[in-house]
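Inspection log for the structure reproduced underneath, given as C-alpha cells.
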Number of protein chains: 4
Amino acid sequence: MASNSFGEVFRVTTWGESHGPAIGCVIDGAPPRIALSEGDIQHDLDRRRPGTSRHTTQRREPDAVEILSGVFEGETTGTPISLVIHNEDQRSKDYGEIKDRYRPGHADYTYDAKYGIRDYRGGGRSSARETAMRVAAGAVARKVLSRRLGNAFSVRGALVQVGPHAIDRERWDWDQVDKNDFFSPDPVAAEGWADFLDQVRKDGSSAGAVVEVVAAGVPAGLGEPIYGKLDGDLAAAMMSINAVKGVEIGAGFAAAAMPGHSSSDPMRIEGGKPVFLSNHAGGVLGGISSGQDVVVRFVVKPTSSILTPRPSIDRFGAEVEVITKGRHDPCVGIRAVPVGEAMMACVLLDHLMRHEAQNGPIDRP
Amino acid sequence: MASNSFGEVFRVTTWGESHGPAIGCVIDGAPPRIALSEGDIQHDLDRRRPGTSRHTTQRREPDAVEILSGVFEGETTGTPISLVIHNEDQRSKDYGEIKDRYRPGHADYTYDAKYGIRDYRGGGRSSARETAMRVAAGAVARKVLSRRLGNAFSVRGALVQVGPHAIDRERWDWDQVDKNDFFSPDPVAAEGWADFLDQVRKDGSSAGAVVEVVAAGVPAGLGEPIYGKLDGDLAAAMMSINAVKGVEIGAGFAAAAMPGHSSSDPMRIEGGKPVFLSNHAGGVLGGISSGQDVVVRFVVKPTSSILTPRPSIDRFGAEVEVITKGRHDPCVGIRAVPVGEAMMACVLLDHLMRHEAQNGPIDRP
Amino acid sequence: MASNSFGEVFRVTTWGESHGPAIGCVIDGAPPRIALSEGDIQHDLDRRRPGTSRHTTQRREPDAVEILSGVFEGETTGTPISLVIHNEDQRSKDYGEIKDRYRPGHADYTYDAKYGIRDYRGGGRSSARETAMRVAAGAVARKVLSRRLGNAFSVRGALVQVGPHAIDRERWDWDQVDKNDFFSPDPVAAEGWADFLDQVRKDGSSAGAVVEVVAAGVPAGLGEPIYGKLDGDLAAAMMSINAVKGVEIGAGFAAAAMPGHSSSDPMRIEGGKPVFLSNHAGGVLGGISSGQDVVVRFVVKPTSSILTPRPSIDRFGAEVEVITKGRHDPCVGIRAVPVGEAMMACVLLDHLMRHEAQNGPIDRP
Amino acid sequence: MASNSFGEVFRVTTWGESHGPAIGCVIDGAPPRIALSEGDIQHDLDRRRPGTSRHTTQRREPDAVEILSGVFEGETTGTPISLVIHNEDQRSKDYGEIKDRYRPGHADYTYDAKYGIRDYRGGGRSSARETAMRVAAGAVARKVLSRRLGNAFSVRGALVQVGPHAIDRERWDWDQVDKNDFFSPDPVAAEGWADFLDQVRKDGSSAGAVVEVVAAGVPAGLGEPIYGKLDGDLAAAMMSINAVKGVEIGAGFAAAAMPGHSSSDPMRIEGGKPVFLSNHAGGVLGGISSGQDVVVRFVVKPTSSILTPRPSIDRFGAEVEVITKGRHDPCVGIRAVPVGEAMMACVLLDHLMRHEAQNGPIDRP
C-alpha cells in the first residue's frame, strides 16, 4: 500500500522521477475562490531552486510550474489543482556508472529490496527533486492560510546549524534570513559556514545541518487527539523530507534535562488574553496548538553523494567502491529550509480544515 | 476531523477517558488464525502498569483486559478485535480543584480552546492512561510479527537518560533491562537515577527522560515512499505518546555534526548476504528498512503534575497558582518504555502488511 | 486490509459477533457540546429490535446500550464515543448443526474462503445483529443534524414492497408508518402483507422487500466530486446492509425508459428561492445535493434462513441438505427500515462536515 | 473534504476539467515489474472515445495518453504512475450562452451552490470527459489482474437496455459486443436501438440505458466486512459514473419478488470443487466474492443536454428556458460500457490487494 499523498482534508499527492519527463502534484481539497496564479507558486519554488549560490548544486532547473486544472479565471474552483514542472536539464549520462551500484546512505539498495526494480537515473523517485512539489503545494497552503488567518500569520524557516557550527541565538534576526546564501538568521554564523563549506567541498565531503521552522499567528485549538496530534503530523511531515533523521518541537531533546518546575510554560492574562511566559512546549500542548508560535526543528544528515570513495556492493552481490560524481550540494540542509516551511504550511492548513470540520469556524488568533 | 486511530492496514482505534467507566480499543485488520488470549496481552500491560515501584505513580490499576470480539476458540478470526479495561481506582475527588484551572504544561487549556468542554477528571482523554491500549494493541502486533518473522524478530526498549544523566553505552546489556525499576540497560546508571529521582520527588519536581527502542530481525523493504516512510510513521507514532517532544532515528541530531564521508554506512558482503558496517541510518534508508536494526529514540518531558506552585489562569480568565496533588510519576518517561515498544511493533506490522499488499510476500530476513 | 469503519469525518467503527459477549461501536468525530444520553439512542434501537411483532424473529434482545466514553455531564466532548450492547439471549445450541455446513445464500462459505476460520454461532460477524450499532450511530448523527439543520430536517424510512406486492403511492401517508407492523406508508398494503407473510411462514419460505428512505431539509451543496459523491456514498452505505442487492436514487432504474425531455427536473423561482418542479434526480445532481428531498431505495433479498431443505456443501467438501431452524424473520426487509434511516443520517452528517471542512459553514436550507 | 480519489491500495486520483489544458490521473500503489506501455492504455481509451459512430457525440478527442512517471524501461516501478491527456478540441465558444444558466439535470446549479464558482466550459469538472481517466486506470488494473489471475480472468461489459428496449437474454453472445455500435450482446436489439436513437435525435431528446458488467475468474474471498464489502464498493464505483441513478448486483431489484426457497444459490461439488447451481447473488455473499461471476448492472439516465427547451433559472435568480446546443450523445449510456468495465477492474484489483495485505496470497480460482 503505497503512500505518495499527505494531508487528510488539504491533500497533496506527488509523482515523478528526477530524470523522467516531468514531476507534479495534485492538490485535492483546496478551498474555492482563492486567488491563485503560477506566479504565486513560482516565487516559493525559486527560493528552493538549486544553482543560486556556490553552496548548492549547479544543476540548473528553471522549475517553471504550470497549473493544469482547478483554477478558473484566476481563482481556485474547489476541484483538484494539478501542477506540473517539466524536467529539462537531465544529463542522464552522469549517472550511468551507478546504475548497478548502491550508493551508501542512499535509497538505492532499499528501493531494489522493496520493488526489485528502480529508476536509477538521478535517484529516481527518491531524489530531492520531489521536494519541489512540496514547495509548490506549500505555496498554495500559504495563500489559503493568509486569507483565513490574516496578516498575523506567517511561516518562516531558518538554518540554525551547519556541520558542528550552530548560530548564536542572541543574534537571531529574521530580516537576515534572505540576505545570505544560507537562510541564516545570524549573519556572523553565515560567514563562518561559507568558509566551512568551501573546505568541505575541497575535501570531497559533505555536511549536515539543522533547520528551524516557526509558525506565528496560529490559533489555539488545531490538532487532533490522539493520533492526529499537530506535533505528530509535523514530525511525520518533516521526517518525510529527504535525509532528515530527527525532529523536535519546542525545547525538544533538551527537555530531558530540564527540571519539571521550569519546563512547563506559565500562563498569565495580558490585555484580557491568555499569554504564556515561555515557549518550551513549542506551541503545542497535548497535541493541540496553544496559540503560541509553533516551533519545529529537524536535522538533515550530510549527503552521501560525495567524491570520496566509499565501500559498498552492487546488485549482483559484488563488493565495490562508490564515488558519486555529478553536481551535488555539499550541504543539502540549506535547500531544506523552504521545504520545511512548505510542510509546516500544509500541515497547519490541513489541521485548520480538519478542526473546522468537527468544531466549526475557529476564531482568528 | 478527529483522529483516534492509527495504522492503515493494522488499524487501531482507542477510546476512553481516565476516569470514565472504561477504556478500550478496536483492532481492525489483524490476520486470521493467530493464537491470541487475554494472557498474551496482559503480560505486556503489566510491564506498563503503575504502582510497581516507588518511582511510578501509586495509583493502582489492575488493568485486567477483556477480549470482546474477533477471537474464536483461541484464534483471531480476521474480524475486529475489541479490547476493554474497566476503570476501577478512580478517586475523582482528587481532581476537583483543577476543574476550572489549567495546569501548566498540560492539555487542559488546549482541550478547552478546541472543544469548549473537557472531562477534567484525571486529564480525561489526554491522560497517559490511554497508552494502556497502545500496549494492548502492541501485544497483538508482536504475536503476529513473531509468527511472520520468526525468532530473529524482536522489539526491545530501554531508558537511556533520566534528567541530565545518560547511560554509558559501553555498559549496554539488554538482560539488565528487566532487572531494575527503570528499564535501564546500564545497571550503574539505574542506581544513580534512583537517588536522583528521590531528590526530585523531595523537591516537589519532576524529571524528563530519553527512551530508545530497537527492532531486530526486520526485513529490508518495509516503508513507503514518500509520505508513508517507515521513519516518518515511527516519528508520528512516538510523538503521539504523551509528553514526547522529539524523535530521532539512528544517529539522529548528532548527524548534523558528522562529516559526510563517515556518516553513511558502508556495505559489504558477508556469508553471501549484504551487511552494513555501521548503523548511523538507524535501519532506514529513503524511508525504507534496510534489514539493519531499526533504532528510534524519543524524549519525554518532565511531567508538569508537580507539587511546586506554578502561575497559570483559570477558564474564567483569572490568574491563579496551580499545584497538582494526587499520585503522579516524577518521571513519566519510565513507563513510556513499553509504550514505545508497542508503537514500534504496531508500525512495523502495519508496514509489513502494506508492503505485501503491493509487492507480495516478503522474504524473512 | 479490513474495513469495519465508515464515514470520513463522522466515522463509525463497529465490532462484535452475534453470539460473542457484546457488540459495540466507536464514533470518532462527533462535534462537541451536543446533548446526548443513552435514552436518545435507545429510542431508535427499540424500533429495530426483533420480537416486536409476529413478522420478525422472536429472539428477544433487550439491546440496552451503554455509553462508555465521549460524553461528560450529558454532553459530547469531541472525543470518541464508545457504545456497547451486551449480548444476552444467545442460545448457541440452536446453531450447532450448521457449524460445518454452508447455508445457501449466507456468508458462511465466503468467510471460510477468506479467513480459513469463522465464528459460526448465529452468523458471527455477518449477522444482522451488527446493524444494531448502525442504528445507534445513526441516532447520534440525527441529534447532531437536528441541532445543525433545525426542524425542517428529517430522515424517514418506509417499506414500499414486500415480495411482489408494492404499495400504492397514491395512498402514501407518513403518519401511517408507525401504525402498522411493517413501517408501511400505505395501510392497505400493510394488511395484504400480513396475510402474505403468514402464508410465506407457513410454507417454510421467506420474502424480499424494498425500502425507501427520504431525507428532507438537506441543504444544497453536500457531496464531493468525483468519487465521494453523495449518491455514491449512499449507495455504498445501503449496499453494506445485510442482504441488500440493489440501490437506486430518485427515478432509479425507471430512468432508463424515460425520454430525456421529461427526465430532468425543471427549475423555477418561488418566494425568491430556487425550486424544482419534479424530483426524478432524487435530490442529487452531479453527486451533490440540490436542496430537494434526498430519496434512496434499496432491495433486501429474501433471507435464506428457511425451513425448506436446500442443496449445499460442508467444509469438508461433502454434499449436504441444509435446513435453518431457529428463530428467523420471514422478511428481514422490515427491520431494515430503521437501519436504512440510520445509514442515511450518518452519510448526511459526514458529508455536511466534509463540506464545511473545505467550504466553510453551510446555509441552512 | 474533497474526494477525487478512489481505491485504498490501488488508488487512483483524477484531475482536470473538460475544457482546461489537460486531464489526468495519478495511480498510486500499482505493483512493480508489470509491463506497461502507452499502447496498453490507449486501446481501452479508444473504445470509450466519442466520435466513433453517429450515436455518440461528434466531438473528436484523439485522447492520446502520455505516461509521465512510474514506468521505467517498459515496466512499472511501484512508484506513482502519472497519466495525462491534453485537451485539443475544446471549442469553448459553444458554451458561452450557458455560462450563467443552470442546465436542468446537470450539476451546474449544485456546483455553484457548493463552491460559489464553477468552470462552466463544457461542464468543467462534472463533464463525462473525466471518465477517460477511469478507463486509463482500468487498463492498468486489467494488466495487473491478468498477470495475477491468469487467462481465466476477464471483465466484460454490455449494453442491455436502451430507452424502454431491453435485450433478449436468450440471444446473449459476448462475441457480438464489439460488432455493433452499442456494445450489445444481442445483435437484434442493436438494430432496433439504432432506429430508436435516430428518432430520439430527430426529436431533440435523449435516452437512458442499462449497462451490465461481468467479471469472470474472480477468486473467492475478495471483499471486506462490513463497510468495505465488494458489492458496496462496486455500488459506489458505478454510482460515481456520470448520470448513473441505480446499481444492482446479481438478481438485484428482482430479488424482492423471489420466494426465499429459490432465491439463494444451491451448492454442489463438481470435479472436486464447489460450484453454484445459479447466480442470483451475482457472485457476492456477505460482501465477499464466492468464486462465481461478479455481475453488476447500472442505469444511466437520459442526458439532459438536449435541443428541447427546458424551464430553468440562472445564477441571478431569473427564470429562463435552456437549450443545450453543441455536440452531445443522445444516449450517454453507450460510452458508459467501457467506463463500467474499468471501474470493475479497479475495484477488483484494489480488493485483491486489500485481501492479501491481511490474509496473504490468494489461490488462483
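The values are calculated or read from the model by the stated rules, or taken from the named source; none is laboratory data. Model, not experiment: these values are computed from the prediction. When we count neighbours, we look across all protein chains shown, and the Cβ atoms used for this are built from the backbone with ideal geometry, even at glycine. When the accessible area is computed, the model is the full protein with side chains, heavy atoms only, and any ligands, DNA or RNA have been set aside. Shrake-Rupley method; radii C 1.70, N 1.55, O 1.52, S 1.80 Å.
A few remarks follow.
- Every residue from segment B:275-325 that is of a type outside the set (Gly, Ala, Ser), under 19 Å from A:Asn242 (Cβ atoms) and at the interface with chain A (Cβ under 9 Å from one of its Cβ atoms): B:His280, B:Val284, B:Leu285, B:Ile288
- All of B:Arg335, B:Arg310, B:Arg315 fail the test of being under 11 Å from the mean Cα position of the chain (by Cα) and open to solvent by 10 Å² or more (accessible area, probe 1.4 Å), apart from B:Arg335.
- Residue under evaluation A:Gln199, criteria (1) touching a residue at least 60 places away in the same chain (Cβ under 8 Å); (2) surrounded by fewer than 24 Cβ atoms within 10 Å (Cβ to Cβ); (3) not in a strand (DSSP E or B), criterion not met: (1)
- For segment B:113-154, a residue qualifies if it is of a type in the set (D, E, K, R) and either under 20 Å from B:Ser305 (Cβ atoms) or in contact (Cβ under 8 Å) with a residue 24 or more places away in the chain (or both), and the qualifying residues are B:Arg118, B:Asp119, B:Arg121, B:Arg125, B:Arg129, B:Glu130, B:Arg134, B:Arg142, B:Lys143, B:Arg147, B:Arg148.
- Options A:Phe253, A:Phe298: the member that is part of a helix (DSSP H, G or I), in contact with a helix residue (DSSP H, G or I) (Cβ under 7 Å, 6 or more places away or on another chain) and either surrounded by fewer than 21 Cβ atoms within 10 Å (Cβ to Cβ) or not polar (S, T, N, Q) (or both): A:Phe253
- Residue check: B:Val177 meets all listed conditions (1) in contact with a Pro (Cβ under 8 Å, 6 or more places away or on another chain); (2) not in a helix (DSSP H, G or I) but one, namely (2).
- Check on D:Asp186, closer than 19 Å to D:Ala207 by Cβ, crowded, with 18+ Cβ neighbours inside 10 Å and free of Cβ contacts under 8 Å to residues at least 40 places away in the same chain: yes
- For A:Cys346: the one exception among (1) open to solvent by 30 Å² or more (accessible area, probe 1.4 Å); (2) within 25 Å of A:Gln42 (Cβ to Cβ); (3) hydrophobic (A, V, I, L, M, F, W, C); (4) outside any loop (DSSP other than H, G, I, E, B): (1)
- Looking only at segment C:120-135, and only at residues there that are in contact with a Ser or Thr (Cβ under 6 Å, 6 or more places away or on another chain) and surrounded by fewer than 24 Cβ atoms within 10 Å (Cβ to Cβ), the one that is nearest to the other protein chains (Cβ to nearest Cβ): C:Arg121
- Some residue of segment D:153-171 being open to solvent by 40 Å² or more (accessible area, probe 1.4 Å), part of a loop (DSSP other than H, G, I, E, B) and either at pLDDT 95 or above or in contact with a Phe, Trp or Tyr (Cβ under 7 Å, 6 or more places away or on another chain) (or both): yes
- Residues considered: C:His261, C:His355, C:His351. Of these, the only one that is open to solvent by less than 10 Å² (accessible area, probe 1.4 Å) and either within 8 Å of chain D (Cβ to nearest Cβ) or touching a His at 6+ places or on another chain (Cβ under 9 Å) (or both) is C:His355.
- Against the conditions (1) at negative phi; (2) surrounded by 19 or more Cβ atoms within 10 Å (Cβ to Cβ), D:Gly287 satisfies every one except (1).
- Qualifying positions in segment C:154-187 - out of contact with any Cys (no Cβ under 7 Å at 6 or more places or on another chain) and hydrophobic (A, V, I, L, M, F, W, C): C:Val155, C:Ala158, C:Leu159, C:Val160, C:Ala166, C:Ile167, C:Trp172, C:Trp174, C:Val177, C:Phe182, C:Phe183
Every residue, every condition in (1) surrounded by fewer than 24 Cβ atoms within 10 Å (Cβ to Cβ); (2) modelled with pLDDT of 95 or more; (3) not basic (Lys, Arg), yes or no:
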| site | (1), (2), (3) |
| --- | --- |
| B:Leu83 | no, yes, yes |
| B:Asn87 | yes, no, yes |
| B:Gln90 | yes, no, yes |
| B:Asp100 | yes, no, yes |
| B:Pro104 | no, no, yes |
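- Unmet criterion (only one of (1) open to solvent by less than 10 Å² (accessible area, probe 1.4 Å); (2) of a type in the set (D, E, K, R); (3) at pLDDT below 95) for B:Glu341: (3)
- Candidate set: segment A:24-40, residues that are more than 7 Å from chain D (Cβ to nearest Cβ) and hydrophobic (A, V, I, L, M, F, W, C); chosen: the one surrounded by the fewest Cβ atoms within 10 Å (Cβ to Cβ): A:Ala35
- Filtered residue count, segment D:202-250, keeping only those that are surrounded by 24 or more Cβ atoms within 10 Å (Cβ to Cβ), more than 12 Å from the chain's Cα centre (by Cα) and in a loop (DSSP other than H, G, I, E, B): 9
- Checking each residue in segment D:92-146 for being of a type in the set (Gly, Ala, Ser), more than 22 Å from D:Met343 (Cα to Cα) and not in a helix (DSSP H, G or I) picks out D:Gly105, D:Gly116.
- Flag for C:Arg47 being basic (Lys, Arg) and part of a loop (DSSP other than H, G, I, E, B): no
- Failed criterion for C:Leu277 (all others in (1) surrounded by fewer than 24 Cβ atoms within 10 Å (Cβ to Cβ); (2) within 30 Å of C:Ala207 (Cα to Cα) hold): (2)
- In the condition set (1) at pLDDT below 95; (2) open to solvent by 10 Å² or more (accessible area, probe 1.4 Å); (3) in contact with a helix residue (DSSP H, G or I) (Cβ under 6 Å, 6 or more places away or on another chain), B:Glu321 is compliant with all but (3).
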